[in-house]
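The structure appears right after this line, and notes come after that.
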Amino acid sequence: MKLFKDKEESLNSAAVPSHIAIIMDGNGRWAKKRGLPRMAGHTEGVKTLKRIARYCGEIGVKYLTVYAFSTENWKRPKEEIDNLMKLLKLYIGDFKKDGNVDNICVKVIGDVSRFPDDVQKEIADVMEITKDGTSICLNIALNYGGRAELTYVMRKIAEKVKNGEITADMITEQMLSEEMYTAGMPDPDIIIRPSGEQRLSNFLLWQAAYTEFWYSDVLWPDFKPEDLDKAIADYNNRERRYGGI
Ligand code: IPE
Ligand code: IPE
Ligand code: MG
């Protein structure tokens, strides 16, 4: 059952969270269940990402942040990492090939300097090509880790103190937020994790202070717009209190 009977209703609904974050997990298990190589799950996961990003744009979500490769994912076998890089290049390259038909603005968060040069080039091109996209801002977290992000921000602020630009007592929460990869964006309203795991795995540690969590046993390649509707419906039944009464 769809939460929204039609697109019109969904677009008029004030209940749609403005920022949704997703930990795209379960690709490997999806493949294993079918006796397929893990890459088949990742390939299917990319199709799900395309579908869900389009749907989020249609229902009026302003920001979608997806966790695609963590700072800890380098622990995986080299073959899987190499193939993930190839898949990423293909996915990113599609924005060029298809002329950004979904009018998405793509931004990569994380440190991609460790990625192959050709992948970095593709990422830079696509961020440039899509920078005026108005339907939705799609943040793709690549070589992203919440702790790495905080370390990066602290280094930047320490430099400012060292240069005499600011003194230590001038450091505020606002200042940290403005140095994060997500500067200028609202914190995520909801973090969705498919595949049954109930942990953050180093995702958006700073930004998730008051984010609502939603877990599902559905594996990411099987995740449908209807599952997103369920998450949004649950989200709308939560009371966000931010420490108040
Ligand atoms: C998530 O799926 C994708 C990445 C981390 C790149 P997994 O590859 O973690 O899938 P499972 O958890 O092994 O099923
Ligand atoms: C989190 O999934 C990272 C991404 C989805 C990119 P993992 O599969 O790496 O997380 P753990 O190892 O189960 O915590
Ligand atoms: Mg996993």
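The values are calculated or read from the model by the stated rules, or taken from the named source; none is laboratory data. Keep in mind that this is a model prediction, so the values were computed, not measured. With ideal geometry, Cβ positions are generated from the backbone for all residues, glycine too; neighbour counts draw on all protein chains shown. These area figures cover heavy atoms from the full protein model, side chains too; ligands, DNA and RNA do not enter into them. Shrake-Rupley method; radii C 1.70, N 1.55, O 1.52, S 1.80 Å.
For the stretch 1-153, what does the accessible surface come to per residue with a 1.4 Å probe? Please give it in Å². Don't jump to the answer; show the numbers that get you there.
Values: 7610 Å² over 153 residues.
On a per-residue basis, the stretch 1-153 sits at 50 Å².
Which lysines, if any, have their Cα less than 24 Å from the Cα of Lys33, not counting same-chain residues under 8 positions apart?
Cross-link targets: Lys47, Lys50, Lys75, Lys78, Lys86, Lys224.
Determine the shape class of the stretch 91-245: with a ≥ b ≥ c the square roots of the Cα gyration tensor eigenvalues, call it rounded for a/c under 1.5, and otherwise prolate if a/b is greater than b/c, oblate otherwise.
On the way: a/c = 1.91, a/b = 1.12, b/c = 1.71.
Oblate, since a/c reaches 1.5 and b/c is not below a/b.
Of the GluC sites (Glu not before Pro) in the stretch 36-125, which ones lie in a loop per DSSP and count no more than 15 other C-beta atoms within 10 Å?
Passing sites in the stretch 36-125 are Glu72.
Counting each DSSP H run of 4 or more residues in the chain as -39500 (n - 2.57), what helix-only mean residue ellipticity at 222 nm follows after dividing by all residues, to the nearest 500 deg cm²/dmol? The partial results should precede the final answer.
Details: 8 runs with 104 residues, N = 245.
The helix-only estimate for the chain comes to -13500 deg cm²/dmol at 222 nm.
Full extension from Glu239 to Lys162: what is 0.36 nm times the residue separation minus their Cα-Cα distance, to one decimal in nm? List each step's numbers first, then the result.
Details: separation 77, 0.36 × 77 = 27.72 nm, distance 4.29 nm.
Extra length available between Glu239 and Lys162 comes to 23.4 nm.
Between Ser113 and Trp74, what length in nm is gained on full extension when 0.36 nm per residue of separation is reduced by their alpha carbon distance?
Working: separation 39, 0.36 × 39 = 14.04 nm, distance 1.36 nm.
The span from Ser113 to Trp74 would gain 12.7 nm if fully extended.
Per 0.36 nm of contour for each residue apart, how much would the distance between Leu176 and Met127 grow if the chain were fully extended, relative to their Cα-Cα spacing? Walk me through the numbers before you get to the answer.
Numbers: separation 49, 0.36 × 49 = 17.64 nm, distance 2.38 nm.
Between Leu176 and Met127, full extension yields an extra 15.3 nm.
With a 1.4 Å probe and every protein chain kept in, tell me what percent of the accessible surface of the stretch 19-68 is carbon plus sulfur.
Working: 1100 of 1980 Å².
Heavy-atom surface of the stretch 19-68 belonging to carbon and sulfur, 1.4 Å probe: 55 percent.
Can you pull the percent of the stretch 148-245's accessible area that's carbon plus sulfur, 1.4 Å probe, other chains left in place?
Numbers: 2780 of 5480 Å².
Looking at the stretch 148-245 in its full context, I get 51 percent from C and S.
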